Amino acid sequence: MPGNDRHRFSANGTLKYVGVGVLAAAAIGLAGYALTHHSASDLAAVAATYTPPSLPGGAASSAPSAQASVPAGSPAPSTAATPTTRPTVAFVGDGYAESLDASSPEKGFPALVGKAEGWKVDVIACTNAGYIVSGDCGTNYAGLIPKIVAEKPSIVVVTGGRNDTPQSQSTASAANSFYSQLSSALPAATIYAVSPVWDSTQGPLPLGVVQSSVKAAAAGNGATYLDIGEPLRGHPEYISSGVVPNDAGYAAIALAIEAALPKQ
């Protein structure tokens, strides 16, 4: 699979792809993307017709509010909105997190979830990597921890794990070590472990072993496990080539993550 050189855009934005190993750093300026809550039958349409809504708390009022009169010579009251600080959120994962085969980075699930939640998103991902296996960047998830910590995120969303199915029996130890190191390095951060997913076909039995291992490792290290089910299963139209999602597939994953996130 390709690396993320194709993710080079302007540096003024809210979605950033962090260089990992042999992958070049890339900062992405978002032209506009959105995630809205749709039924499963609407997912393909969602992927094709993104429109940017106002961020939470940023919608303009439809009617002017009444203002008290101001004595002559008095300074006019400030009408400037109080700026809202968006949390920095690191999305960690494999090629799915890199949004491989998406028509643009804005249509990958990190961007979609980030827009819906009002997050500033950093993507630290390595194609073909997992909790055990090293990816195209030359390391597994544990090797990404310095990059994650360097972004100083207040929230970390860890995805992937399907690449570990050939070594599923060893996932428990590797996942536990990863979440232990990550939680120690970022003690104040909220960490979410997203359940590993398969593609449009039925996942193999070892996938269940990996899912259970990640769930246990998250619970044992203070992370919250997000069970998002199998949003791609039974939907070959969500796959671009091989096992990689297209825009509709990434929209389905984003919707599943959104549904699983704790409601504020």
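The values are calculated or read from the model by the stated rules, or taken from the named source; none is laboratory data. Only a predicted model underlies this, so the values are computations on that prediction, with no experimental measurement involved. Using ideal geometry, Cβ is built from the backbone for each residue, glycine included, and neighbour counts are taken over all protein chains shown.
Before we move on, is ALA217 hydrophobic (A, V, I, L, M, F, W, C) and either surrounded by 19 or more Cβ atoms within 10 Å (Cβ to Cβ) or free of Cβ contacts under 8 Å to residues at least 12 places away in the same chain (or both)? First the steps, then the outcome.
On the way: hydrophobic (A, V, I, L, M, F, W, C): yes; either surrounded by 19 or more Cβ atoms within 10 Å (Cβ to Cβ) or free of Cβ contacts under 8 Å to residues at least 12 places away in the same chain (or both): yes.
Answer is yes for this residue.
Taking the residues in the stretch 146-161 that are of a type outside the set (Asp, Glu) and surrounded by fewer than 21 Cβ atoms within 10 Å (Cβ to Cβ) as candidates, determine which candidate is nearest to PRO110 (Cα to Cα). Explain how you work it out, then say what you get.
Within the stretch 146-161, the subset of a type outside the set (Asp, Glu) is 146-150, 152-161.
With the extra rule that they be surrounded by fewer than 21 Cβ atoms within 10 Å (Cβ to Cβ), the set shrinks to 146, 149-150, 152, 154-155.
Values: PRO146: 20, VAL149: 18, ALA150: 18, LYS152: 17, SER154: 15, ILE155: 13 Å.
Filtering the stretch 146-161 for residues that are of a type outside the set (Asp, Glu) and surrounded by fewer than 21 Cβ atoms within 10 Å (Cβ to Cβ), the one nearest to PRO110 (Cα to Cα) comes out as ILE155.
State all residues of the stretch 201-211 that are under 30 Å from PRO187 (Cα atoms) and either in contact (Cβ under 8 Å) with a residue 40 or more places away in the chain or among the hydrophobic types (A, V, I, L, M, F, W, C) (or both); if no residue qualifies, say none. Before the answer, list the steps.
As a first pass, look at the stretch 201-211 and keep what is under 30 Å from PRO187 (Cα atoms): 207-211.
LEU207, VAL209, VAL210, GLN211 - these are the residues of the stretch 201-211 that are under 30 Å from PRO187 (Cα atoms) and either in contact (Cβ under 8 Å) with a residue 40 or more places away in the chain or among the hydrophobic types (A, V, I, L, M, F, W, C) (or both).
Yes/no per residue for (1) assigned to a helix (DSSP H, G or I); (2) over 20 Å from the mean Cα position of the chain (by Cα); (3) of a type outside the set (Phe, Trp, Tyr):
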{"residue": "GLY135", "(1), (2), (3)": "no, no, yes"}
{"residue": "ILE148", "(1), (2), (3)": "yes, no, yes"}
{"residue": "ASN163", "(1), (2), (3)": "yes, no, yes"}
{"residue": "SER168", "(1), (2), (3)": "yes, yes, yes"}
{"residue": "ALA193", "(1), (2), (3)": "no, no, yes"}
{"residue": "PRO206", "(1), (2), (3)": "yes, yes, yes"}
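Hey, can you tell me all the residues within the stretch 89-124 that are out of contact with any Phe, Trp or Tyr (no Cβ under 9 Å at 6 or more places or on another chain) and not in a loop (DSSP other than H, G, I, E, B)?
Within the stretch 89-124, ALA90, ALA116, GLU117, LYS120 qualify.
Check the stretch 196-206 and report whether any residue there is closer than 27 Å to THR88 by Cα and either touching a Phe, Trp or Tyr at 6+ places or on another chain (Cβ under 9 Å) or at pLDDT 95 or above (or both).
Here is the first cut: in the stretch 196-206, the residues closer than 27 Å to THR88 by Cα are 196-197.
Right, trim to either touching a Phe, Trp or Tyr at 6+ places or on another chain (Cβ under 9 Å) or at pLDDT 95 or above (or both) and you get 196-197.
Looking for residues that are closer than 27 Å to THR88 by Cα and either touching a Phe, Trp or Tyr at 6+ places or on another chain (Cβ under 9 Å) or at pLDDT 95 or above (or both), one finds at least one in the stretch 196-206, hence yes.
Could you tell me whether ALA218 is modelled with pLDDT of 95 or more, farther than 29 Å from LYS120 by Cβ and part of a helix (DSSP H, G or I)?
Working: modelled with pLDDT of 95 or more: yes; farther than 29 Å from LYS120 by Cβ: no; part of a helix (DSSP H, G or I): yes.
No: the conditions fail for ALA218.
With respect to ALA174, determine if the residue is in a helix (DSSP H, G or I), out of contact with any strand residue (DSSP E or B) (no Cβ under 8 Å at 6 or more places or on another chain) and either among the hydrophobic types (A, V, I, L, M, F, W, C) or under 30 Å from THR85 (Cα atoms) (or both).
On the way: in a helix (DSSP H, G or I): yes; out of contact with any strand residue (DSSP E or B) (no Cβ under 8 Å at 6 or more places or on another chain): yes; either among the hydrophobic types (A, V, I, L, M, F, W, C) or under 30 Å from THR85 (Cα atoms) (or both): yes.
It is true that ALA174 is in a helix (DSSP H, G or I), out of contact with any strand residue (DSSP E or B) (no Cβ under 8 Å at 6 or more places or on another chain) and either among the hydrophobic types (A, V, I, L, M, F, W, C) or under 30 Å from THR85 (Cα atoms) (or both).
Looking only at the stretch 140-175, which residues are farther than 17 Å from SER195 by Cα and of a type in the set (Val, Ile, Thr)?
Scanning the stretch 140-175 gives ILE145, ILE148, VAL149.
Could you list, in sequence order, the residues of the stretch 234-247 that are of a type outside the set (Asp, Glu), part of a helix (DSSP H, G or I) and buried (at least 21 other Cβ atoms within 10 Å of the Cβ)? Lay out the reasoning, then the answer.
Narrowing the stretch 234-247 to residues of a type outside the set (Asp, Glu): 234-236, 238-246.
Those still in the list that are part of a helix (DSSP H, G or I) too: 236, 238.
Scanning the stretch 234-247 gives a single hit, TYR238.
Kindly indicate whether PRO231 is within 14 Å of TYR131 (Cβ to Cβ), assigned to a loop (DSSP other than H, G, I, E, B), of a type outside the set (S, T, N, Q) and touching a residue at least 12 places away in the same chain (Cβ under 8 Å). If you could, list the steps in order and put the result at the bottom.
Values: within 14 Å of TYR131 (Cβ to Cβ): no; assigned to a loop (DSSP other than H, G, I, E, B): yes; of a type outside the set (S, T, N, Q): yes; touching a residue at least 12 places away in the same chain (Cβ under 8 Å): yes.
The answer is no for PRO231.
Restrict the check to the stretch 243-262 and report whether at least one residue is free of Cβ contacts under 8 Å to residues at least 24 places away in the same chain, among the small types (Gly, Ala, Ser) and out of contact with any Ser or Thr (no Cβ under 9 Å at 6 or more places or on another chain).
For the stretch 243-262, residues free of Cβ contacts under 8 Å to residues at least 24 places away in the same chain, among the small types (Gly, Ala, Ser) and out of contact with any Ser or Thr (no Cβ under 9 Å at 6 or more places or on another chain): absent.
State which residue is surrounded by the most Cβ atoms within 10 Å (Cβ to Cβ) when the search covers only the stretch 179-198 and only residues that are in contact with a Leu (Cβ under 9 Å, 6 or more places away or on another chain) and over 11 Å from VAL149 (Cα atoms).
Pass one, the stretch 179-198, residues in contact with a Leu (Cβ under 9 Å, 6 or more places away or on another chain): 189, 191-198.
From the residues that got through so far, the ones that are over 11 Å from VAL149 (Cα atoms) too are 191-198.
Numbers: ILE191: 21, TYR192: 22, ALA193: 26, VAL194: 27, SER195: 22, PRO196: 29, VAL197: 23, TRP198: 17.
Only one residue fits best here, namely PRO196.
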